[in-house]
1. So, in region 60-74, of the ones that are farther than 13 Å from residue 24 by Cα and more than 12 Å from the chain's Cα centre (by Cα), which residue ends up surrounded by the fewest Cβ atoms within 10 Å (Cβ to Cβ)?
2. Among the residues of region 19-33, what is the count of those that are part of a helix (DSSP H, G or I) and surrounded by fewer than 12 Cβ atoms within 10 Å (Cβ to Cβ)?
3. If a residue has to be free of Cβ contacts under 8 Å to residues at least 40 places away in the same chain, closer than 16 Å to residue 12 by Cβ and part of a loop (DSSP other than H, G, I, E, B) to count, how many in region 34-93 make the cut?
4. Show the residue pairs meeting these rules: Cβ distance below 6 Å; 6+ apart or different chains; first residue within region 16-32 and at positive phi and in contact (Cβ under 8 Å) with a residue 12 or more places away in the chain; second residue assigned to a strand (DSSP E or B) and surrounded by 14 or more Cβ atoms within 10 Å (Cβ to Cβ).
5. Yes or no: residue 8 within 15 Å of the chain's Cα centre (by Cα) and exposed (fewer than 11 other Cβ atoms within 10 Å of the Cβ)?
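The numbers here are math on the coordinates, done by the rules we state, and not lab data. Everything numeric here is computed off the predicted structure, so don't read it as measured data. Cβ coordinates were reconstructed from backbone atoms using ideal geometry, including for glycine residues, and neighbour counts include every protein chain displayed.
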């Protein structure tokens with residue numbers, strides 16, 4: 001087994017592991033419940049970790065996580081003239097859906 005990375009929180013760790021598994025990479029979350037010990041232990045030692053079952057999948061896994069962490073942000077112009085950025089699929093100003 002190989003530790004791939006630490007995640008900032010359990011929600012992100014779970015998302016990353018699910019994405020890796022969908023790509024056929026055997027991965028698990030370790031230190032799932034350790035965040036409750038933060039304070040008694042150093043906080044950076046309580047972060048959830050992503051571990052790979054098969055070390056030979058490290059290159060593909062790192063590439064996939066790098067792409068996941070650097071997704072491009074969308075920007076589109078609504079018919080009302082408002083510019084909508086990020087992952088929004090509906091205009092915040094008028095409520096129209098993204099074209």
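1. Among them, the one singled out is 72.
2. Taking region 19-33 as the starting set, the residues that turn out to be part of a helix (DSSP H, G or I) are 19-22.
Then keep just the ones that are surrounded by fewer than 12 Cβ atoms within 10 Å (Cβ to Cβ); that gives 22.
Going through region 19-33 one residue at a time, the tally reaches 1.
3. Of the residues in that region, 4 qualify.
4. So the pair list comes out as 31/49.
5. Yes, satisfied.
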